[in-house]
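Reading through the structure tokens given below for one structure.
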Amino acid sequence: MSAQVVTGSVAEADARRREQRGWYWYDWANSVYSTSVLTVFLGPYLTSVAKAAADAEGFVHPLGIPVRAGSFFAYSVSASLLLSVLAMPVAGALADRTGRKKPLLGGCAYAGAAATAGMFFLAGDRYLLGGALLIIANVSFVVSMMLYNSFLPQIAEPDERDAVSSRGWAFGYASGALVLLADLALYAGHDSFGVSEGTAVRICLASAGLWWGAFTLIPLSRLRDRRAAAAGGTQGPAPGAALGQGRRRLRETLRDMRRHPLTLAFLLAYLVYNDGVQTVITQASVYGSEELKLDQTTLIVAILLVQVLAAAGALLMGRLARRYGAQRTILGSLVAWALMIAVGCVLPAKAPVWFFGLAAGIGLVLGGSQALSRSLFSHLVPRGKEAEYFSAYEMSDRGVSWLGPLVFGVAYQLTGSYRDAIVSLAAFFVAGFILLARVPVRQAITAAGNPVPDRI
């Protein structure tokens, strides 16, 4: 009997590791969208397209609303994240109630990949097309990440999660760095390739969509659905019924989360500090190009530096978490974030070296702070409610991160200065630090009914 138990345990561990290896590949697939599209190319390019369509006073008029062309990208990001808030609870409830998480992940991934590939046709003054494709791609990206993250507590034991989550982020940043190298070669040498600068940017945008779609095949082949039984031992409702119950499921999830106030306390802290992180990620290239007057090649090299160091930083912070605990390690990263935002506000224009230094600092804390937040939250989720709880987490991650871009866009709209827009971001990290430091993590894990790791 003991031999059978050992054999079964080994087989289970092997199956779990296979799923983990497949899971990493979705970070590899979608991180190119986050890096090449959102962080590097789309912000400056869509801003230039909006400016080409602007009137004599520098305004465009989507839906008849006057919007400064320089704010259009930030507003589009904010709109996409607001729509994500509506989509994620429905997708989370559908995934948990039917157990069909993998097909939902695939559908969102390929919708986003198709919209991203369609950015090849963003030219001239088609700023509305760019805004529409950005919204479709970003909503698909956010919902797919919610579903992807909800696999973590199912494929990794509690003591494995910091390491597994950090490896996933490292995979993603390595992928982003590799593609950025190819993008840099194409963009910097576009004349030798016989294409214009604008065409080179559109090729870089579209290729990110093709990459996203191609490598999504690997996790879809290795991850497996786990059928969830409804109360009373019966199977969950049909997909159509679950979809129709999305709003009610959201209310149920929120009511259930009120029974876990410490989990909610962590989510509040994460909502605040991650709003700052996401705004830095999406607006950095616009700040660099418009305020610091840096060319696109400099921005690509800076983001490439972030990618390389973020992959190493995610693994390094995973090691620190094993020694000092995830909560303390995240708190240390928030101190670093606040200091770097303060430095970024006073960077001189046309000084690439200083911008590279700031990029290096951001890279070292970016991947680790995100990876450890994901793994720490996975300990606070009651079993059987992974997708619903991770939909709330993803709302905090990106779905409620509309506030940062909105504040950024409004500040620029009112002042015309990107430096004024970025000044406020340090407050997100300071407030997030205070809120996270007040969360008793061990007590929160116990209250969720999960085993407490030796170091947390």
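The values are calculated or read from the model by the stated rules, or taken from the named source; none is laboratory data. If you're wondering where the values come from, they're calculated on a predicted model, not measured in any experiment. When we count neighbours, we look across all protein chains shown, and the Cβ atoms used for this are built from the backbone with ideal geometry, even at glycine. All accessible areas refer to the heavy atoms of the entire protein, side chains included, with ligands and DNA or RNA removed. Shrake-Rupley method; radii C 1.70, N 1.55, O 1.52, S 1.80 Å.
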Check: Conditions: (1) closer than 30 Å to LEU366 by Cβ; (2) in contact with a Phe, Trp or Tyr (Cβ under 9 Å, 6 or more places away or on another chain); (3) surrounded by fewer than 16 Cβ atoms within 10 Å (Cβ to Cβ). ARG18 meets all but one. Number of the miss?
Finding: (2)
Notebook entry, point to check: Only one of these conditions is not met by LEU309: (1) at pLDDT below 85; (2) open to solvent by 30 Å² or more (accessible area, probe 1.4 Å); (3) closer than 21 Å to ALA427 by Cα. Which number is it?
Noted result: (3)
Next item on the list: Take the residues in segment 185-212 that are small (Gly, Ala, Ser) and buried (at least 18 other Cβ atoms within 10 Å of the Cβ), then tell me which one is farthest from the chain's Cα centre (by Cα).
Entry: ALA200
Notebook entry, point to check: Do we find that PHE73 is open to solvent by less than 10 Å² (accessible area, probe 1.4 Å), assigned to a helix (DSSP H, G or I), of a type in the set (Phe, Trp, Tyr) and in contact with a Gly (Cβ under 9 Å, 6 or more places away or on another chain) in this structure?
Noted result: yes
Margin query: Being hydroxyl-bearing (Ser, Thr, Tyr) and crowded, with 18+ Cβ neighbours inside 10 Å is the filter here; which residues of segment 315-366 pass it?
Written below: THR329, SER333
Next item on the list: May I ask you to say which residue of VAL67, VAL60, VAL77 is within 15 Å of the chain's Cα centre (by Cα) and either among the β-branched types (Val, Ile, Thr) or on the phi > 0 side of the Ramachandran plot (or both)?
Entry: VAL77
Next item on the list: State whether one or more residues within segment 10-25 are farther than 23 Å from ASP225 by Cβ, touching a helix residue (DSSP H, G or I) at 6+ places or on another chain (Cβ under 7 Å) and in a helix (DSSP H, G or I).
Entry: no
Next item on the list: Among the candidates GLY118, GLY172, single out the residue that is crowded, with 24+ Cβ neighbours inside 10 Å, closer than 30 Å to SER196 by Cα and not hydroxyl-bearing (Ser, Thr, Tyr).
Entry: GLY172
Margin query: If a residue must be charged (D, E, K, R) and either outside any helix (DSSP H, G or I) or modelled with pLDDT of 95 or more (or both), how many such residues does segment 82-118 contain?
Written below: 1
Notebook entry, point to check: Could you count how many residues in segment 22-32 are open to solvent by 10 Å² or more (accessible area, probe 1.4 Å) and either within 14 Å of SER165 (Cβ to Cβ) or of a type in the set (S, T, N, Q) (or both)?
Noted result: 2
Notebook entry, point to check: When you look at SER34, is it at pLDDT below 90, over 19 Å from the mean Cα position of the chain (by Cα) and of a type outside the set (Lys, Arg), yes or no?
Noted result: no
Checklist line | Boolean, ILE456 is out of contact with any Asp or Glu (no Cβ under 6 Å at 6 or more places or on another chain) and part of a helix (DSSP H, G or I) | finding: no
Notebook entry, point to check: Can you tell me which of ARG259, ARG322 is basic (Lys, Arg) and under 25 Å from GLU160 (Cβ atoms)?
Noted result: ARG322
Next item on the list: Could you pull out the residue among ALA387, ALA360, ALA392 that is modelled with pLDDT of 85 or more and on the phi < 0 side of the Ramachandran plot?
Entry: ALA360
